[in-house]
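Worksheet for the structure shown next.
The values are calculated or read from the model by the stated rules, or taken from the named source; none is laboratory data. Note that the coordinates shown come from a computational prediction; the quantities given were computed from them, not determined experimentally. Cβ: placed from backbone, ideal geometry, glycine included. Neighbour counts: every protein chain shown.
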Amino acid sequence: MSMIPRLGSSMRIIALPLVRPGANVTAKIPVFYSYRIVAPPPINKSVRSDGFFTRRLPEEGLGKWAAHKATTTWTNFGMAPEGTIKKRAFVLGERLMDQLDFEESNLKSIDLSIAPPLELKDSGKDAQIPLLYPPTVLSGPQSLDHLKALVEERIPIHNRGLMLYIFFAILSAPLKLIPIIPNFPFYFCAWRSWSHWKAKRAAQYIKGLIHSNRIVPVPLADLNAVYGNPISGTKSNDSDVLPRDALDQAIRTLEMSLEESKDLLRAHEQVLLRVKKTKTS
């Protein structure tokens, strides 16, 4: 079991570079971020308004209810018989998920409903959020600078994406009037709008934490075994990227969930493709 250090905060950020020490990458180091948030104790459900609309709203909130409903529906699509519209839509959707920037997937995995608030009455160790990094690949200042540069880069990307997909969602909305086939263009644009919006809010949240000096780099020696020995020489090739067995070890060390493990493997495939494109360009 990994002995991950913890400050007073309920949130931890783990930086997992996807290249080995000494890798000769021309672009910035690709880093997979794992955001861990301990949920606060549940609120007493007996204290609830008796209003007409309140009684009919889901107790967990509309956002979580809608997300759970969408996940359940999507899972059912994957269980549909081969050759059906639902099954083909599921396969296509999974391919689209593989194309989604892993940086976006990382950011939108942050549940802001349970994340520590940006404004705290009391400052101190309880306000500090550890940024855990492998000391054989990054230094403390490097890990913080990389996270800052990441959110600065992603905010305008997600802002443009949000506006673009809202526009296309409006254009495709009239197709819902055709009852024969599902309006997949509208659903896709609506999903991409939601994804960009969620990632943008998360990036703004992380930026606010950095601006208020709440994120504190902390070395995590447990990750040293994941990266092994540095690469010698200056040749840039696929060996710069972490091998699959190193990823498996990182998954075990960090005790990643199944969903987070899938996101990490997707990120690994994307980094391999980016390295190959850099070589051929």
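Could we say that Asn24 is surrounded by 12 or more Cβ atoms within 10 Å (Cβ to Cβ) and either modelled with pLDDT of 75 or more or not in a loop (DSSP other than H, G, I, E, B) (or both) here?
So Asn24 fails the test.
With the requirement that a residue be of a type in the set (Asp, Glu) and in contact with a helix residue (DSSP H, G or I) (Cβ under 7 Å, 6 or more places away or on another chain), what does segment 249-268 give you?
Asp263
Out of the residues in segment 94-120 that are part of a helix (DSSP H, G or I) and without any contact (Cβ under 8 Å) to a residue 24 or more places away in the chain, state the one that is nearest to Glu152 (Cα to Cα).
Gln99
Considering only segment 158-268, give the helices (runs of 4 or more DSSP H) lying wholly within it that have at least 2 residues that are modelled with pLDDT under 95 and out of contact with any Ser or Thr (no Cβ under 9 Å at 6 or more places or on another chain).
Fully inside segment 158-268 and qualifying: 184-211, 244-254.
Is it the case that Thr73 is within 27 Å of Glu259 (Cβ to Cβ), at pLDDT below 75 and surrounded by fewer than 12 Cβ atoms within 10 Å (Cβ to Cβ)?
Yes: the conditions hold for Thr73.
Look through segment 157-174, keep the residues that are among the hydrophobic types (A, V, I, L, M, F, W, C) and surrounded by 14 or more Cβ atoms within 10 Å (Cβ to Cβ), and return whichever of them is nearest to the chain's Cα centre (by Cα).
Ile157
List, please: which pairs have Cβ atoms under 7 Å, are six or more places apart or on different chains, and start with a residue in segment 196-209 that is within 9 Å of Lys108 (Cβ to Cβ) and end with one that is charged (D, E, K, R)?
Correct list of pairs: Lys198/Lys108; Ala199/Glu104; Ala199/Lys108; Ala199/Arg154; Ala202/Lys108.
The conditions are (1) of a type outside the set (Lys, Arg); (2) modelled with pLDDT of 90 or more; (3) in contact with a helix residue (DSSP H, G or I) (Cβ under 7 Å, 6 or more places away or on another chain); (4) not in a strand (DSSP E or B), and Leu131 fails exactly one of them. Which is it?
It is condition (4) that Leu131 fails.
Checking the conditions here, which among Ser113, Ser105 is surrounded by 14 or more Cβ atoms within 10 Å (Cβ to Cβ), modelled with pLDDT of 75 or more and not hydrophobic (A, V, I, L, M, F, W, C)?
Ser105
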